[in-house]
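Beneath this line is the structure, given in structure tokens, with notes to follow.
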């Protein structure tokens, strides 16, 4: 039996300032098997994005253990965490976060810049990823020349270009109209079913969440069962 | 990776035109001033003209003489007697020569004009390799027989004779007529040993009194066969000064101090005011020059540094994305340093072009007589190195700070 994609044991995150201590996540236990499409729901400020950041190794927990594809990450150095992010993980953000100074193709190439990949292989992989999201014709455009839905599709192409095992999507349809939202969700569903990519999506949209395999609800930093 | 960085850099520069213009202005003007100063110094130390082989030449310019109690001290350029006693007797050098600089007047078309005249010996022209356009230098026979022959430079030929040939014609200064036997290219004023308008044999000097003087207006040039001979020549010269019985010349003198300097040592002595001191102050001079360059670069570097910091804050989201997708710190530092280097190199290139313009202006202004600056490969390499140093000074900390940004905060844009 293969290791779960993500495993969280008693994971907490506490933010500390001079005077105030805020518990963003409180003793979360969560296992997400490989190939699952999970959505995380909860009100604003409940800790959804914090949870996603911890699972995506963008932030470190204050307490507890995190395993990614069976690997303990607690004692890994920044460089090792960067390598795991680069090889195993992809991100899709609510506000796309495309680099405005780069063309669509150059944006999609970004994850491969930090791998030992030849320039031609990199460009071919980026073209393939853009083809998958139906934007090959726009590869020499710049982000500002695209609609919101198109920008999010570029962001998905960038997230999958390195064929990650896990994809984290933080409200990927939050800035899009419902039609565009449907398209994006459809792309994510295809990716999950065809490539077996584990997807963890934060969303406020109940209807979208119901289309995923499981809904995890968070309230005041705790999981609701 | 680098092509991606180059593309990103150029797009960033094009998108933030105001920032780019200020940065480039800052870099280009700083480097222009540095290159102009460096070009002048480089042309002084490594000229391409008549002093091109001066890396094996020592220059003796001054002598300090004192009585036994050091209550009476004299310091001045060399007298002919000094040269005769201490320079012409040296055995280690390949050859020695000397000259004395004088300002002379001449009447041309009813107007009094001033000229720089060098009275020299025959060996002078074998050390200072004057570039003859026409004619020749005077011979030993002409020197010994005191013949009034002169070599003039090209601008002097034009002043006296317009576009006509000067060879065989006569010029008059100090109420003496000289026959022109050679015309040479002009040498820049800062090449002191080579710079003059007219050269004439020392034996035609208006007065013969100079022959008995320990102190006067002469300079001596000592040519070594190779650079490795220089320490031995200096030692022989020093020994000669120590062992001489000064009472044989005059009761007034008991000691003499004088130094045979390379061009760089002479520059250091002039700058540090150590003409008559034992140490040339060369090390201090070089340290001060380096410190001067660093201080001069510091202000624009701080300016660029601040601009880089604000540029990084603007691009926090991009940094967050790169980190999220696995960019290690080193890759981000390299990327932003490379961006800074590209920006600085463009500024450096502009600075180089501006400095060529400024050097042209200095040449045509007559500020430095007969200046003809040459931008050597050595100078271009130094410029490149200074530009890179500038990029590293102004870019290292912002790049390091950027690479340490927390990915989550970077993605939120702060």
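Below is a table of values for the structure above.
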quantity: The stretch B:287-314, subset in contact with a helix residue (DSSP H, G or I) (Cβ under 8 Å, 6 or more places away or on another chain) and either within 14 Å of another protein chain (Cβ to nearest Cβ) or within 29 Å of residue A:164 (Cβ to Cβ) (or both), residue surrounded by the most Cβ atoms within 10 Å (Cβ to Cβ); calculated: B:311
quantity: Counted residues, the stretch B:85-107 - those being over 22 Å from residue B:266 (Cα atoms) and free of Cβ contacts under 8 Å to residues at least 40 places away in the same chain; calculated: 1
quantity: Filtered residues of the stretch A:91-123 (kept if within 27 Å of residue A:147 (Cα to Cα), at the interface with chain B (Cβ under 9 Å from one of its Cβ atoms) and not in a helix (DSSP H, G or I)); calculated: A:91, A:93, A:95, A:97, A:98, A:99, A:100, A:101, A:102, A:103
quantity: Matching residues, the stretch A:46-63, being assigned to a helix (DSSP H, G or I) and under 14 Å from residue A:222 (Cα atoms); calculated: A:48, A:49, A:50, A:51, A:52
quantity: Subset tally (residues that are out of contact with any helix residue (DSSP H, G or I) (no Cβ under 6 Å at 6 or more places or on another chain) and assigned to a loop (DSSP other than H, G, I, E, B)) for the stretch B:159-184; calculated: 9
quantity: Residue B:37, sole failed condition from (1) outside the structural domain of residue B:227 (by TED's automatic domain parsing); (2) touching a residue at least 12 places away in the same chain (Cβ under 8 Å); calculated: (2)
quantity: Selection from the stretch A:15-30 of residues that are loosely packed, with under 15 Cβ neighbours inside 10 Å and within 22 Å of the chain's Cα centre (by Cα); calculated: A:29
quantity: Some residue of the stretch B:100-110 being outside any helix (DSSP H, G or I), closer than 29 Å to residue B:257 by Cβ and touching a helix residue (DSSP H, G or I) at 6+ places or on another chain (Cβ under 9 Å); calculated: yes
quantity: Residue, surrounded by the most Cβ atoms within 10 Å (Cβ to Cβ), within the stretch A:105-120, restricted to residues that are under 24 Å from residue B:329 (Cα atoms) and free of Cβ contacts under 8 Å to residues at least 40 places away in the same chain; calculated: A:106
quantity: Condition check for residue A:24: assigned to a strand (DSSP E or B) and within 14 Å of chain B (Cβ to nearest Cβ); calculated: yes
quantity: Scan of the stretch B:58-70 for residues that are surrounded by 22 or more Cβ atoms within 10 Å (Cβ to Cβ) and under 16 Å from the mean Cα position of the chain (by Cα), ordered by number; calculated: B:58
quantity: Sole exception among (1) more than 14 Å from every other protein chain (Cβ to nearest Cβ); (2) farther than 30 Å from residue A:14 by Cβ; (3) in contact with a strand residue (DSSP E or B) (Cβ under 7 Å, 6 or more places away or on another chain) for residue A:65, by number; calculated: (2)
quantity: Lone qualifier among A:127, A:115, A:153 - being over 25 Å from residue A:82 (Cβ atoms), at pLDDT below 95 and touching a helix residue (DSSP H, G or I) at 6+ places or on another chain (Cβ under 8 Å); calculated: A:153
quantity: Of all residues making up the stretch B:322-346, the number that are surrounded by fewer than 19 Cβ atoms within 10 Å (Cβ to Cβ) and within 13 Å of another protein chain (Cβ to nearest Cβ); calculated: 4
quantity: Residue among A:88, A:79, A:48 that is more than 10 Å from every other protein chain (Cβ to nearest Cβ) and either crowded, with 16+ Cβ neighbours inside 10 Å or farther than 25 Å from residue A:174 by Cα (or both); calculated: A:48
quantity: When residues of the stretch A:197-225 are limited to those that are surrounded by 14 or more Cβ atoms within 10 Å (Cβ to Cβ) and without any contact (Cβ under 8 Å) to a residue 40 or more places away in the chain, the one nearest to residue A:176 (Cα to Cα); calculated: A:205
quantity: Lone unmet requirement of (1) buried (at least 21 other Cβ atoms within 10 Å of the Cβ); (2) assigned to a loop (DSSP other than H, G, I, E, B); (3) touching a helix residue (DSSP H, G or I) at 6+ places or on another chain (Cβ under 6 Å) for residue B:146; calculated: (1)
quantity: Considering residues of the stretch B:1-19 that are surrounded by fewer than 19 Cβ atoms within 10 Å (Cβ to Cβ) and in contact (Cβ under 8 Å) with a residue 60 or more places away in the chain only, the residue farthest from the other protein chains (Cβ to nearest Cβ); calculated: B:19
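Rundown of residues vs (1) outside the structural domain of residue B:186 (by TED's automatic domain parsing); (2) modelled with pLDDT under 90; (3) within 23 Å of residue B:171 (Cβ to Cβ), yes/no style:
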site: B:56; (1), (2), (3): yes, no, no
site: B:63; (1), (2), (3): yes, no, no
site: B:78; (1), (2), (3): no, no, no
site: B:103; (1), (2), (3): no, no, yes
site: B:107; (1), (2), (3): no, yes, yes
site: B:119; (1), (2), (3): no, no, yes
site: B:125; (1), (2), (3): no, no, yes
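The values are calculated or read from the model by the stated rules, or taken from the named source; none is laboratory data. What you are looking at is a predicted structure, and each value in this text was computed from that prediction instead of being measured. Neighbour counts run over all protein chains shown; Cβ positions are idealised from the backbone, glycine included.
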